[in-house]
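The numbers here are math on the coordinates, done by the rules we state, and not lab data. Everything quoted here is computed from the prediction, not taken from an experiment. Ideal geometry is used to build each Cβ from the backbone, glycine not excepted, and the neighbour counts take in all protein chains shown.
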Amino acid sequence: MATTTVNEPRMRQVVDWSASVWAGIVSGIIFLVLNLVLSRVLLGLSPWAILRYFASPILGDGVLPPPVHFRLDAAIVGFLFHMLLSIVFTMVLAFVIHRWGIWVGILGGALFGLALYVINFYNPLLPQFYVLRSWVMLATHMVFGALAGGIYEALEVEEYVPVED
């Protein structure tokens, strides 16, 4: 006796945008703390210099000259701009990796972080960042990407929707 199969609709997985926002927040904060500490310890930079560099695309190059001391405007703008970019970059990463699981999230995220490093530190539109080119910045960007991808995959609630023909 032959059995007939019911035509099941094709399904596709959708991005969990909430998970991508939370992954961006967490990985962005860890990235920031790592940069503030490691650039001080290993590169001898003031932590305030890092926040000033993060603020410079918004506030302009005038925020960069020495002496490098605390500036409330640079700290606030640098932190907020950094967090906004962390969330946006993690949303882009989530869109790319959301179908493949945690290992692709971590490894693909690390490669994504490498790409962000190249874009940030070799971009002719951001020459102020050239001075920060270092293995520390490369490593923290790759850690950011790996964390963003891994955290996203860990938090993701898998949801599928029918594919419309």
Item to check | Computed lengthening from residue 42 to residue 12, 0.36 nm per intervening residue step minus Cα-Cα distance | outcome: 6.2 nm
Checklist entry - What whole number of Å gives the distance from the Cα centroid of region 60-93 to the Cα centroid of region 102-165? => result 18
Next on the checklist: Averaged across orientations, what area in nm² does the convex hull of the alpha carbons in the chain project?
Outcome noted: 12.5
Checklist outcome for this item: Bounding extents of region 75-165 in its principal axis frame from Cα atoms, largest first in Å, are 49, 27, 25
Checklist outcome for this item: Evaluated at 10 °C and 1.306 mPa s, the Stokes-Einstein D of region 61-124 based on the Kirkwood radius over Cα pairs, in µm²/s, stands at 113
Checklist entry - For the pair residue 69 and residue 92, how long in nm is the line joining their label points, each one 7 Å along Cα→Cβ? => result 3.7
Checklist outcome for this item: Given unit charges at Cβ for Lys, Arg (+) and Asp, Glu (-), the dipole magnitude of the chain about its Cα centre in debye, nearest 20, is 720
Item to check | Selection from 131, 15, 148, by position along the positive dipole direction of the chain (Cβ) | outcome: 131
Next on the checklist: Ignoring chymotrypsin sites (Phe, Trp or Tyr not before Pro) that are buried or in helix or strand per DSSP, and keeping those with at most 13 other beta carbon atoms within 10 Å, what is the longest stretch of the chain between them?
Outcome noted: 1-69
Item to check | FRET efficiency, residue 103 to residue 33 (Cβ-Cβ, R0 35 Å, nearest 0.05) | outcome: 0.90
